[in-house]
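The values are calculated or read from the model by the stated rules, or taken from the named source; none is laboratory data. In this text, all values refer to a predicted model and were calculated from it rather than measured experimentally. Every residue, glycine as well, gets a Cβ built from its backbone with ideal geometry; the counts of neighbours run over all protein chains shown. Protein only, heavy atoms only, side chains kept; ligands, DNA and RNA dropped before computing areas. Shrake-Rupley method; radii C 1.70, N 1.55, O 1.52, S 1.80 Å.
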Amino acid sequence: MLIKYLGSIIFTIIIGIAFASPNIKTSKHPKICLVLSGGGARGFAHLGVLRALEEQHIKPDCIVGTSAGALIGGLYATGMPIDEIQNRIKAMNFNKIIYDKPNRKEKTQYLRDLEYDSNNMIDISLTKDGKVELPESIMSSIRLDEALRTLFAKYPFTMDFDQLPIKFRAVSTDLGTGEKVILSNGKLAQVSRASMAIPAVFSAVKIDGKLLSDGMLSSNLPIEVAKEMGADYIIAVNVSTGVLPEDKIKDMVNVSEQILNFLVQENVDRNLKLLKKQDIYILVDAKDVKNLEFDRIDETVQYGYETIQNNSKIKNLISNIARLTGRGDMRLSEKNMYSQPMPIIKDIQIKTNNNFYIETLSNVMTTKKGDTFTIASINKDIKNILDTNRVKSVTYDVIQEDDGFNLIYNVEFKNTSNNSFQLGIEIASDSIVNQNMTFYLSHLNPWINRWGGQWRNYITVGRSSVFISEFDQPIPDMPDWFIRPQIALGYEKNYAYLDGQSDVASEYRISRQYAKLDIGKKIGNIGEWSFGASFKRNDLNGNLSNPSLPIPSDTNNYFTLNANIIFDQLNDIYIPTDGYFLNLYTNISPHKKEDIQYAQSGILGIYAAQIDNQSLAFRLEASGYHSNESIYLSPFKLGGYHHLSGYEYNQFIGNYLLFGSATYRYMTPFSLLGKPLMLGISAEAGDVWDRFKDIKYNNIKYAGSIFGAIQTPIGPAQLGFGMNEEGQSNIYFFLGKTFDKKP
């Protein structure tokens, strides 16, 4: 009897524990987990799938995403509504982020000036042991990093992703081992970036000492991760293209893509075997949307939505999951968006492997102690630090201590010596037989001293050959001020023309040398002003072979006092479609020679405005050169493409110049790597005069052109046809810039 009584008690206890235990499947809340694959621009289809799932009352308990799936899944996990996600991503303009260079208007003027003295087609850096270091990726990741930080601006701090309204995991790949890396905490922007770092296209991301790349390499449809999170029901959404059919493999790009597809498909197939009968697999039909067609977001979202709406079998399976989990008859409540208050920054620190440069990095930062933390200020600081030219990557942390929050920037320097080189080429042709090729080599040493001194050298070889060596030194404790010494040597081969003739009548050469010292101040990121002194010498090697146009040799040398102010907010110096440029300068000798006081002054202004796919640009140039030497020593010339089109290159020379033009550009739907083909027309007018008293406006020359232009991987290319009022015409081809800030 006692044994029977004790047995009853034990049985009752066991039954009670069984029904009370949270680990018994019959009593716990069934967990739904979404698995979102990678697929580039096709990943936008996930938004359409999420919208269709919401309409059927599916509210997931967890989300696992790879690459594009990590981006969409991470945003959705914060509680952000689908429409807001779609609008925010559209506002990012992925094509611009991927293909555009960093915004030129946001650079300092000194960095913008580099474009006028060089043409950086290829960047070469030397490692500390003297080896050539190639770029890690084809595309710059700076704009993508900034865009992701802005997209996740409300969630800027390190966090546990289990604390989000929907638990979240992102999948990346360890480049050191090839293994899958599951990211369950961190900064959402950084984690999304690590999951979508396409190898060789975008640079890898270092997190916790691991170099991480796109998760598609190890697990493009990470069903196994959802299993590990305890999912009872899995809805796996695959937007990738799969393996290409044989008739789609037509070139080396397709072959490379196919090799990657095989690797991705293998890990997708492996994961699909883990699905159970109650799970759902959705293969999205995104039609002909390609992985990099980011401008088709609305269309791609709709494809994802229709994949479910047009498939009754999938809709029934989804409805069944909603019913079995007790949600079929419920109305989805608005998800509470996760948010964190923005703290006041008590202290700012810079952590780097080279403390020698911390003072320079501190000088370029805009965030100050006592400021409220904002992603906008973080983006600006990171951009300024990267602009110092030797920094490889910058991340930030916000650490809470007893007395407040510390902002910490983690700066990783490039593993290079102090020397980097850029190579470039320009091709200019103003007729079938008259072609000119120019080669550029520039050298940069950006860290001469702890105060951020930079040494730059430029060599240009062509019809005009130039060597420039310049040192730029910010003044300690006054980083907006600079001292800038410079020396230059130049050699020009020029042609001379008789009045009213377009055939070359003579040829002459000029050598120029100067040394100068400027002191100046930045005007924010808009421009700068400076004043200083210089010594200039110009030697004309004449030519007396043509009696109709004798050019005697001559020379001049002057000590001058100089002043210069420049405002430069053009979006592009090669093909400007938006912004403005204004340069005013004067060089005056304090001493007279033969009762003539040397002076050279000028103004060059450009204004461009763009509305949608159309742009209108205006240019005005007025310059004067007061001296008693040969007219052929003047630096002011007219003639050539967009500088009196139809006439020969530099056909007119004079001591005084006046020129104006208006240029219309239309951005066509045709593009190359995200850059549109432009078609345009220009109207131009101007002239030159030997003496100021000779200036008359009734003999102004008129010209115009029609042209096409496009940015290419090796520089901007332009092809145009120009004609002048005299009926002369030329066909022009340019690869490179057609505009200089001053003579």
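A Cα-only calculation for the stretch 454-612 places Rg and Dmax at 19.3, 62 Å. Each peptide in 690-698, 678-686, 497-505, 470-478 gets a packing score, the mean of other Cβ atoms within 10 Å over its residues, and the list from highest to lowest is 678-686, 470-478, 497-505, 690-698.
Between the alpha-carbon centres of the stretch 196-235 and the stretch 41-62 there is a gap of 19 Å. For the peptides 551-562, 726-737, 61-72, the ranking by packing is 61-72, 726-737, 551-562, with the highest mean count of neighbouring Cβ atoms within 10 Å listed first. The simple Förster model, with R0 at 30 Å and r as the Cβ-Cβ distance, assigns Ser184 and Thr712 a FRET efficiency of 0.10. Extension gain for Asp295-Phe421 works out to 41.8 nm (0.36 nm per residue, less the C-alpha to C-alpha distance). The mean sequence separation of alpha-carbon pairs under 8 Å and at least six residues apart, normalised by the residue count of the chain, gives a relative contact order of 10 percent. Are any of the pairs Lys536/Lys675; Lys131/Lys206; Lys107/Lys516 more than 32 Å apart by Cα-Cα distance, and if so, which? Those over the limit are Lys536/Lys675. With R₀ fixed at 25 Å, the C-beta to C-beta distance from Asn93 to Leu582 puts the FRET efficiency at about 0.30. How far is it, in nm, from the label point at Leu263 to the one at Asn541 when both lie 7 Å from their Cα along the line to the Cβ? With each label point 7 Å from Cα toward Cβ, the separation is 5.6 nm.
Mean projected area of the convex hull spanned by the Cα atoms of the stretch 591-743, taken over all viewing directions: 10.6 nm².
Say R0 is 41 Å: what FRET efficiency, to the nearest 0.05, do Glu84 and Ile523 get from their beta-carbon distance? Given R0 = 41 Å and the Cβ-Cβ separation, E is 0.60.
Summed over the residues of the stretch 586-655 and divided among them, the accessible surface reaches 42 Å² per residue at a probe radius of 1.4 Å.
Here the accessible area is traced with a 1.4 Å probe on the protein chains. For the chain, carbon and sulfur cover 57 percent of it.
What the phi angles of the stretch 463-468 give under the Karplus curve with 6.51, -1.76 and 1.60, with θ = phi - 60°, is a coupling list of 4, 10, 10, 9, 10, 10 Hz, glycine and proline written as x.
The orientation-averaged projected area of the convex hull spanned by the Cα atoms of the stretch 654-743 comes to 7.1 nm².
Note on the chain: with charges restricted to the Cβ of Lys and Arg (+1) and Asp and Glu (-1), its dipole about the Cα centre is near 1940 debye. Legend: residue pairs Lys180/Lys210; Lys180/Lys392; Lys167/Lys276; Lys105/Lys380, Cα-Cα distance threshold 18 Å; pairs beyond threshold, Lys180/Lys392; Lys167/Lys276.
A P(r) calculated from all alpha carbon pairs of the stretch 574-654, with 10 Å bins opening at zero, reads 15, 34, 31, 15, 5, 1 percent.
Over all projection directions, the Cα-based convex hull of the chain averages an area of 43.0 nm². Only helices at least 24 Å long along their axis, Cα-based, and averaging -1.0 or more on Kyte-Doolittle count here, so list those DSSP H runs from the chain. What comes out of the filter, once short or polar helices are dropped, is 2-20, 252-272.
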